[in-house]
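Bear in mind that the values in this text are calculations on the coordinates, not laboratory data. A quick note: this is a predicted structure, and the numbers were derived from the prediction, not measured. Don't worry about glycine lacking a Cβ; one is built from the backbone with ideal geometry, like all the others, and counts go over all protein chains shown.
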Amino acid sequence: MQTGMIDEQKLISELQQGSLTAFEAIYSQYWYPMFLVAYRKLNDREVAEEMVQDIFVKLWERKASVSINRLSYYLFSAVRYAVIDQIRARVTREQYLSYYQSFLSTEDSSTEEAIILNDLRSALEDSLQTLPEKSRQVFTLSYFENWSVTQIAHHIQLSEKAVEYHLTKAVKFLRTHYQDHLLGTLLYLILTNR
């Protein structure tokens, strides 16, 4: 048991120093068990696979600064939180969409409001350029073109759950990106149901 802890600590240390070999060892040991946990909770293979991939991408990106005491606890906690976010998104997704569409369909022709909405849309479009292509495409079709989840899923050949996952990812990114800006207040009104 003590040997396992030493090996795990060594892997963590090597990962933090940028060792691709350590990362690959962690990936090969934990990817499938993490996928199974996500898949059992969500019952969607594609969303579970993307979710676990995202966790590993973030692990690699933050390798130098991440604080890990126990690797399995860290990785399975990340899966648990990602699953909770996904389930929460499924419940509130329709509320987000409904509020946003009612906000955009307001028939007030005020020049000032039109300018604010145009500025918001421009800022959103600029920010969306930093998202992965699939998340950007899903968000644009849903929020700018008013396509349904079913239409988007059929158009880009993803499951509806995968489309919902990409929407959740994009909304979360935009909320984080604008949290310190005035436009963040407008985004908050549009993208939340609180």
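Worth pointing out:
- Qualifying lysines (Cα of each under 28 Å from Cα of Lys169; at least 8 residues distant if same chain): Lys41, Lys58, Lys63, Lys134, Lys161
- Length released on extending from Tyr81 to Asn146, taking residue separation times 0.36 nm less the Cα-Cα span: 20.5 nm
- Spacing of the two label points (7 Å from each Cα toward its C-beta) at Arg62 and Thr21, in nm: 2.7 nm
- Loop-located GluC sites (Glu not before Pro) in the range 137-171, at most 16 other Cβ atoms within 10 Å (DSSP): Glu145
- Gyration tensor verdict on the range 46-86 (Cα atoms; rounded if a/c is under 1.5, prolate if a/b is larger than b/c, oblate otherwise): oblate
- The Cα center of the range 65-85 and the Cα center of the range 33-55 differ in position by 14 Å.
- Burial order of peptide ranges 37-43, 126-132 (average beta-carbon count within 10 Å, highest first): 37-43, 126-132
- Burial ranking of peptide ranges 45-53, 62-70 (average Cβ count within 10 Å, highest at the top): 45-53, 62-70
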